[in-house]
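Report on the structure given below.
The values are calculated or read from the model by the stated rules, or taken from the named source; none is laboratory data. Because the structure is predicted, anything quoted here is derived from the model rather than measured. As a convention, Cβ positions derive from the backbone with ideal geometry for all residues, glycine included, and neighbour counts pool all protein chains shown.
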């Protein structure tokens, strides 16, 4: 059996992708890191722009819903404008996190360009970094503006909801008062009917009393006549 004495060569390890906090000394590693950071910045730019577009639409829809609710006179059967604001909080957190990530990437890009060992610090790289800083500034400004609009719309929606609750309670109280008024009116009608019958009862009682007095007088007269006749008869006998 022939043995192969050729020494085995181990497979060289695959270099891992650079991270934001990696440090490189040679120009190739610096170039690779710069390309990696540029890629991260472009991806974050696209993602933030997409999120901001959706977030701006949420703000516009929220303002339109709250204004429609105000112009409709706070009708109790309308749609609740606060429902359209439920998804804005999650989008706000996502955009805020993406802006923080982009800030970290741009800070790392600035650190790379400031190191004397990096040969990729060309005017184009500096202009590219400034461009992304401007983009970050514009995105942050737009995000704060839209967030403020949504906050105002949310406060407006809360106010509308409170007014609607008060109107519902007032309407329920009014219905209860109407029921009580109807009940009192019925009682008053029945009491009026009873009171209207009192004169008739009084007249009837008066007639009965008068007749009773007359009968008593007649009976007394008859008894007196009978006694008088008995006395005359007794005297004669």
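Things worth noting here:
- Test: residue in the range 116-130 that is in a helix (DSSP H, G or I), at pLDDT 85 or above, within 25 Å of the chain's Cα centre (by Cα) and closer than 30 Å to residue 38 by Cβ: no
- Selection count where residues are modelled with pLDDT under 90 and either at positive phi or surrounded by 14 or more Cβ atoms within 10 Å (Cβ to Cβ) (or both), scope the range 25-53: 6
- You will find that of 148, 153, the residue that is under 34 Å from the mean Cα position of the chain (by Cα), modelled with pLDDT under 85 and assigned to a helix (DSSP H, G or I) is 153 and no other.
- The single residue among 160, 135, 150 that is within 17 Å of residue 40 (Cα to Cα), out of contact with any strand residue (DSSP E or B) (no Cβ under 6 Å at 6 or more places or on another chain), in contact (Cβ under 8 Å) with a residue 40 or more places away in the chain and surrounded by 12 or more Cβ atoms within 10 Å (Cβ to Cβ) turns out to be 135.
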